[in-house]
Every structure is written in C-alpha cells, then in structure tokens.
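Before any comments, here is the structure.
Every number in this text was worked out from the coordinates using simple rules, so none of it is lab data. Here the structure is a predicted model, which means the values were calculated and not measured. Here the Cβ positions follow ideal geometry from the backbone for every residue, glycine too, while neighbour counts run over all protein chains shown.
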Amino acid sequence: MIRRFNMFNLTSLTFGLAFLYLPLLLVVIYSFNDSRLVTVWGGFSTKWYGIVLNNDAYLEAAWITLRIAFVSATLATVLGTLSAVVMVRAGSFPGRTLFSGMIFAPLVMPEVVTGLSLLLLFVAIGLDRGFWTITIAHATFAMCYASVVISSRLASFDRSLEDAALDLGCTPLSAFRQVTLPVIAPAVISAWLLSFTLSLDDLVIATFTSGPGSTTLPVKLYSSVRLGVSPEINALSTMLIGIVTFGVIAASLINRRQERRQKQENRAAAAAA
Amino acid sequence: MRTSRKFLILTPYLWLGLFFLVPFLIVIKIALSDSVTASPPYAPTFSLDEGLAGLRASFAQLDFENFLWLAEDGIYLKAYFNSVKVAAIATLLTLLIGYPVAYAMAKAPRDWRKTLLLLVILPFWTSFLIRIYAWIGILKNEGFLNLTLMKLGIIDQPLAIMHTELAVYIGIVYSYLPFMILPLYASLERIDGKLLEAAEDLGCGAFAAFRQITLPLSLPGVVAGCFLVFIPAIGEFVIPDLLGGSGTLMIGKTLWLEFFSNRDWGVAAAVAIVLLTILIVPIVLFQRHQQKHQEELG
C-alpha cells in the first residue's frame with residue numbers, strides 16, 4: 001500500500017476504535033457509580049464490587065466456569081493437536097474427507113444447533129447433565145478451532161527435521177516430543193488460550209448442556225441481564241474485561257519478545273554461518 | 001508404527017464421531033419423530049433393539065410431520081426470511097463501517113500496525129454477553145444515548161431503538177466488526193504500493209485509483225469478511241433475544257423458544273435441520289472462495 005496517512009484515515013480509525021471501545025468504557029465507568037440508577041451519576045464508589053465479591057452465586061458460577069474452561073481447553077488442545085497432525089501429516093486414510101468435514105463443520109455450525117444436538121445425545125445415552133457434559137461440549141467445538149490454529153503452524157514446519165530425528169533412531173513419539181512439539185509450542189499455547197476463552201465465553205451451548213447445580217457464569221449473567229441493567233453486572237463485567245485485557249496484552253507482549261528473540265537468534269545463526 | 005498411527009487417527013476421529021456426527025444424526029431422527037407430551041418429549045422413530053426388521057418398520061413410520069408444520073405455520077417461514085434479511089443488511093453495514101477502518105490500518109505507519117491490530121482484536125476476546133449488555137445500557141429509553149441527546153436538546157422524546165430491528169443491526173455490527181476488519185486488512189495490506197504510484201504517474205486521480213486498483217484487489221478480503229459475518233449472524237440467538245423485541249423474529253431465537261419454552265423437541269430439531277440447509281449454500285461458496293484464494297496466493 002502507498003503510505004500517505006491522511007486526515008480521512010485518521011478520522012475513520014478514531015471513529016472505528018471509539019465505536020469498539022466506548023460501549024465497554026461506559027460499562028467500566030458506571031460500575032463505579034454510587035447510584036443504583038444506572039445512568040444517573042451519583043458519585044464515585046466501589047461498593048458494587050464488594051457486593052459482587054460477596055455474592056456466593058456469582059463466585060460459585062465463576063469457579064465452575066473456570067474449572068470447565070481449564071479441563072475443556074486442555075482436552076481440546078490435546079485432541080486439536082492430534083487432529084492437526086492427522087490432517088497435515090497422516091497422508092490419506094479411509095474416511096479422510098469425513099474427518100476434515102467434521103473438523104470444519106463445527107466452526108460454521110450455529111451454536112443453537114450444536115447445543116441442541118449435544119443435549120439430544122446426552123439425553124439419548126442417559127448421561128446426567130452437569131460439569132462433564134458442558135466440558136465435553138466445549139472440548140468438542142474448541143478442538144476444531146485448536147486444530148485449525150495448530151495445523152497452520154504445522155504445515156509451515158520443515159519436515160526434514162523430524163525425518164532427521166527418525167533417521168538418528170528416534171521413535172516417532174519421541175521425535176514428535178523433542179523436535180516437533182517445541183517448534184509448534186507457540187501455536188499449541190495459542191490454541192489452549194483460544195479454547196479457554198471460547199469456553200469462558202460460551203452461553204448458548206452451556207445453557208443446552210448444563211444441568212441443575214452446574215450454572216456457568218455466562219448462564220448466570222444472562223439470566224441477570226434479562227432482568228435489565230444493574231450496577232452489580234457493571235462491576236462484574238468490569239472485572240471480567242480487566243482480566244481479559246490483562247491476559248491479551250500480556251500474551252501479545254510475550255509473543256513479541258519471543259519473535260524478537262527468534263529474529264536475533266536467526267541473525268546470529270546467519271552471522272556464524 | 002502402524003498401531004501408533006491408527007491410534008493417532010482414531011482418537012480424534014472417534015471423539016468427533018461420537019460428539020459431532022452422532023448428535024447430528026439424532027437431530028435428524030428426532031426431526032422425523034412424532035412429538036408427544038412426555039419426558040423426553042418425542043416418540044423415538046428408530047429403536048435398534050428390534051434388529052433389521054424393526055429398522056425397516058421404523059423407516060416406514062418416518063414422517064415429515066414436523067417439517068410440514070414448519071411449512072404451514074407462517075411464523076417459521078417469516079423467521080427464516082427475516083434471519084437472512086437481517087444478516088444480509090447487517091453484513092452490508094459491517095462492511096461499510098469496517099472498510100474505512102481496515103483501509104486506514106493498512107495505510108498507518110508500520111510501527112502502529114501491530115498495536116492497531118491488537119486494539120481491533122481485543123474487544124473480540126471480551127465476553128460476547130458483556131458486549132451486548134453494554135449496548136442495552138446505551139440504547140434503552142432512559143439509556144446513555146437518549147439521556148445525552150436529550151440533555152443536548154437534540155430530541156425531547158427518547159428514541160425507541162431498544163427492542164427494534166435497528167438495535168439488532170447495531171448489535172451484530174458491533175459484535176462481528178473484527179471478523180470483517182481482519183480479512184479486509186490482510187488483503188489491503190498486501191496491495192503493492194507501486195501499482196498506486198504508477199496510476200498516479202499516469203494521471204489517475206486518487207478516487208479513480210481507489211476504484212480501479214485498491215477496490216478490485218481487496219475484493220477477496222471483502223468476500224471473506226462478508227461470509228464471516230453473514231454465516232454466524234443468520235443463526236444468532238443472543239443478539240435478537242437481548243436487543244431485539246418480540247417482533248424481531250430470527251431463526252436461532254425461534255429454535256431456542258421452541259425447545260425451552262414450548263418444549264417441542266421435534267419441531268426444534270426440524271428448525272435446526274432447515275437452518276443448516278439454508279447455511280449450506282453460503283458455507284460451500286465460502287469454502288470454494290477460500291480455496292481459490294489460497295491457490296492464487298500459493
């Protein structure tokens with residue numbers, strides 16, 4: 001692109017970013033509002049945070065959500081890595097088209113359909129709905145995202161390194177562990193983080209697959225939001241926005257530092273050669 | 001070697017078979033079953049206990065009652081048409097808002113670009129529900145927008161935006177904007193500056209150069225972005241439920257109500273099947289487009 005950044009570009013960027021951030025900023029600002037009337041400013045206060053943090057229902061839901069996200073993200077990453085290896089490395093095998101279809105389809109399937117179909121499965125096999133049904137549901141759709149993320153990294157990875165390890169007497173498993181895995185590690189970590197966030201964020205599939213006693217935070221939040229805007233929800237949302245912002249910025253800083261180090265190493269290697 | 005390869009393939013294969021394919025087949029089966037008032041509220045059409053003869057008998061029993069019901073009751077047809085309409089208009093709006101932003105990002109100084117990308121992606125990581133919730137506070141009658149406009153003396157009656165289709169458009173545009181900006185930015189950033197310089201040297205005005213060079217070259221990004229917004233918007237549930245009114249019929253919401261409020265699993269499953277059939281066309285087109293684009297790049 002020709003680089004002539006003009007007023008028009010600056011204006012569209014400003015408006016675009018304002019559109020993306022103002023709504024969230026308003027939630028953050030009003031979470032510190034003393035007044036119960038959400039849109040009338042009644043002075044600065046942090047009392048709503050105290051109320052949220054003392055609300056056992058929210059805390060319990062948050063704890064369940066985190067546990068589900070952790071277990072399902074881990075499952076999804078393992079399954080996603082396996083699928084990526086199958087897609088990129090396994091060559092042809094019977095049913096390959098069906099397999100790639102099953103990896104791709106959940107990415108474009110409406111959530112209501114995924115939720116409904118899994119619920120019908122759990123009813124059909126008589127599995128009680130709760131922690132594990134939500135975890136399985138999340139792992140299933142997140143593994144497809146994980147597989148896409150890892151596949152793209154795996155496809156660009158020089159296969160001869162792996163072949164060399166095999167020639168030198170490595171078993172396929174240890175060649176994967178010692179050569180391939182370290183190279184695709186950043187993608188595996190991104191896949192885990194993506195799966196974790198997808199699980200934390202999911203409302204629709206969790207509503208279909210949750211049972212009594214396993215209400216996740218989005219499900220709980222949704223039932224409160226339906227009743228209208230409240231300062232407690234603003235406070236809770238602000239905490240969640242804060243956590244995510246911190247996480248994403250930290251991840252991107254680590255990523256950049258790694259990239260820089262990689263570049264330096266490459267340069268050093270080139271200089272040595 | 002052989003067994004480990006088999007194990008490698010079979011693990012994700014079986015997982016997806018059990019938790020994706022089988023549930024999908026069950027949806028089809030229930031869509032073809034009769035609804036009854038019981039728990040679970042459908043009469044199973046197949047039962048594997050009776051062997052092949054039983055299976056044959058079940059096939060004879062299959063009926064399209066649920067689908068006929070969808071076709072006869074105007075409300076479902078309306079919901080399907082309305083979903084496609086709302087998704088299409090919202091996609092167009094997202095494109096109109098996303099394009100200038102992506103264009104500016106591609107033109108921005110190189111050291112800004114990573115930060116700009118991060119800024120566009122960041123809201124996408126925050127909870128979907130919170131992002132929709134934020135708009136309730138803005139759009140409702142005594143919300144931020146109306147209060148501000150009234151204080152400024154621009155209006156004296158609050159604008160009724162909440163619980164209308166307009167609120168749904170705003171919600172979709174807001175939630176899916178990153179999906180539009182990212183592919184647009186990727187294709188705009190790749191355009192060779194020399195082409196634009198050449199056009200300028202040959203006496204082309206800025207607008208003509210944009211129309212004849214930038215726009216056609218960014219088309220792959222436009223198409224990809226539009227599909228990425230259009231496909232999920234059709235089946236959207238949360239946005240029409242929270243921002244739309246009772247008049248905003250969308251098919252994701254219809255399925256939800258059919259299942260949770262009316263407890264009619266057969267009709268809900270039939271709604272799901274029809275929804276997927278509608279989605280097949282855009283999904284196949286999207287995949288073709290992506291493949292073609294990949295080949296052109298590679």
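Looking at chain A, the pairs of alpha carbons with a distance over 26 Å make up 59% of the total. Across peptide B:105-112, the average count of Cβ atoms from other chains found within 10 Å of a residue's Cβ is 4.
For chain B, the number of Lys pairs with C-alpha atoms closer than 26 Å, counting only pairs eight or more positions apart or on separate chains, is 10. Per-residue packing, averaged as other Cβ atoms within 10 Å, sorts the ranges A:200-208, B:265-273 into the order B:265-273, A:200-208, beginning with the highest. Kirkwood hydrodynamic radius of the range B:72-297, from the reciprocal of the average inverse Cα-Cα distance over all distinct pairs: 19.8 Å.
Dividing the summed helix terms, -39500 (n - 2.57) for each DSSP H run of n ≥ 4, by the number of residues in chain B produces a 222 nm estimate of -24000 deg cm²/dmol to the nearest 500.
Between amide H atoms placed 1.01 Å from N, distances below 5 Å from B:D34 occur with B:A43, all of them 5 or more places distant or on a separate chain. Dividing the convex hull volume of the alpha-carbon atoms in the range A:229-273 by its residue count gives 32 Å³ per residue.
Normalised by 2.2 N^0.38 Å, where N is the number of residues, the alpha-carbon radius of gyration of the range B:197-298 equals 1.63. Split chain A at each of the trypsin sites (Lys or Arg not before Pro) in a DSSP loop with at most 11 other beta carbon atoms within 10 Å, and the longest piece is A:37-273.
Across all directions, the shadow cast by the convex hull of the range A:178-253 built on its C-alpha atoms averages 7.2 square nanometres. Along its three principal directions, the equivalent ellipsoid of the range A:112-224 from the Cα gyration tensor extends over semi-axes of 38, 15, 11 Å, largest first.
When the Gaussian network model of chain A links Cα atoms closer than 10 Å, the mean-square fluctuations of A:F196, A:F141, A:F176 top out at A:F176.
With θ taken as phi - 60° and the Karplus curve 6.51 cos²θ - 1.76 cosθ + 1.60 applied, the whole-hertz 3J(HN,Hα) list for the range B:88-95 is 5, 5, 5, 5, 4, 4, 4, 5 Hz, x standing for glycine and proline. Peptide A:202-210 has a mean of 3 when you count, residue by residue, the C-beta atoms of other protein chains within 10 Å of its C-beta.
Size of the range A:22-139 from its Cα atoms: along the principal axes, largest to smallest, the extents are 67, 36, 24 Å. For the segment B:236-249, counting C-beta atoms of other chains within 10 Å of every residue's C-beta and taking the mean gives 2. The ranking of B:E295, B:E258, A:E259, A:E162 by Cβ neighbour count inside 10 Å, starting from the fewest, reads B:E295, A:E259, A:E162, B:E258. Note on the protein assembly as shown: Rg/Rh from Cα positions, Kirkwood definition for Rh, rounded to two decimals, is 0.98. Panel note: the C-alpha atoms of the range B:240-282, placed on their principal axes, show extents of 28, 25, 12 Å (largest first). Taking the C-alpha atoms only, the angle from helix B:251-260 to the longest principal axis of chain B is near 40 degrees.
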